1. Using the Karplus curve 6.51 cos²θ - 1.76 cosθ + 1.60 with θ = phi - 60°, work out ³J(HN,Hα) for each residue of the stretch 196-211 in order, rounded to whole Hz, and write x for Gly and Pro.
2. Share of the stretch 125-214's accessible area from carbon and sulfur, percent, 1.4 Å?
3. Mind listing the phi-derived Karplus ³J(HN,Hα) values for the stretch 73-90, rounded to whole Hz, using 6.51, -1.76 and 1.60 with θ = phi - 60°, and x for any glycine or proline?
4. Over the stretch 88-214, calculate the relative contact order: mean separation of alpha carbon pairs under 8 Å at least 6 apart, over the residue count, as a percent.
5. Based on the Cβ-Cβ distance of residue 72 and residue 194, what FRET efficiency does E = 1/(1 + (r/R0)^6) give at R0 = 35 Å, to the nearest 0.05?
6. Cα gyration tensor of the stretch 167-214, axes a ≥ b ≥ c as square roots of the eigenvalues: rounded (a/c below 1.5), prolate (a/b > b/c) or oblate?
7. Can you give me the pair-distance distribution of the stretch 90-139, C-alpha pairs, 5 Å bins, whole percents?
8. If amide H atoms are built 1.01 Å from N in the plane of the peptide, which residues on other chains or at least 5 residues away come under 5 Å of the amide H of residue 91?
Amino acid sequence: MQAGCPKIAFLPQSDRDLPMTPPPADLPRAMSPPASLACRLARGWRRAALAALLALPALPALLASLPAWALDPPKGKVLLSITGQLTRANAAGRADFDRAMLDALPQHSFTTSTPWYKAPHKFSGPLLRDVLAAAGAQGSTLRAVALNDYKVQIPADDAQRYKVLMATRLDDKPMTLRERGPLFIIYPYDDSADLRSERYYSRSAWQLRRLEVR
C-alpha cells in the first residue's frame, strides 16, 4: 500500500461480528482491494469532510429556513402567548409561556404609585425585554391583548428604554384576576414625570393574555 494511505479493512456483510484477521498470504491479488483504490477512497472521504466544513457558513441560513422550535413547551397552564415576528417558538407559530417559564427568567422588582391603587405597591416579574428576547421577537410594535379583549399598541422600543415589567407578583404574591393579574405590564412611573401620563398608563395592559409582534 502506498505511503500515507490508511489501511482499510474489508469484511463481508455477514462477517461483521467475527474477529478481523489479515487476509491469507496466498489470497489471489484480484480479491484484495488495490492500494490505489484504498488511497482514492481515503482521499475522497477527506474531500467530503473538507467540503462539509466549507459549507458551515451557510448553516445559519439553512437553520433560518427551518421552523423555529427553540423553547421548551410549557408544562403548566399557559399564561402568555406571543405571536407574529418571532425566531423562537414552542408551538405552531407562537411562543407559549407558563408561570414556571416566566419565573425562570431574571426577576426584577420596583415599587411605584399607579392610577389603579391608592398606595404605592411592589411589582415583580421578568422585564418585558427579556420575555421578548426569549421568544426571539423582532418587530417594532407590540399589540397587547387582555383577557377582556382590551387591545393596545406598544412601541417595542419602550421595552429597551424603560424598565418595563411583565409583572407576575404584587407585593411578592402571585397576582390574581381580581388584582389585575395574572400578568400586568407595568412601567416604573415614579422614575420619570414623563411616564406619569395617559400615554403610558394606557399601555399598561392588565390581565394580559397575548402579545402580537409586528
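The values are calculated or read from the model by the stated rules, or taken from the named source; none is laboratory data. A quick note: this is a predicted structure, and the numbers were derived from the prediction, not measured. Glycine also receives a Cβ, built like all others from the backbone with ideal geometry; neighbour counts cover every protein chain displayed. Note: areas computed on protein heavy atoms with side chains; ligands, DNA, RNA excluded. Shrake-Rupley method; radii C 1.70, N 1.55, O 1.52, S 1.80 Å.
1. Calculated HN-Hα couplings, in order: 8, 8, 4, 4, 7, 4, 5, 7, 7, 6, 9, 6, 5, 10, 8, 10 Hz.
2. Working: 1780 of 4110 Å².
Ligands and nucleic acids excluded, carbon and sulfur reach 43 percent.
3. x, x, 9, x, 5, 6, 9, 9, 10, 10, 10, x, 7, 10, 10, 9, 7, 9
4. 26 percent
5. Details: r = 38 Å, r/R0 = 1.09.
Between residue 72 and residue 194 the formula returns 0.35.
6. On the way: a/c = 2.35, a/b = 1.28, b/c = 1.84.
Here the stretch 167-214 falls in the oblate category.
7. 5, 17, 23, 18, 15, 13, 6, 3, 0
8. Residues meeting the amide H criterion: 96.
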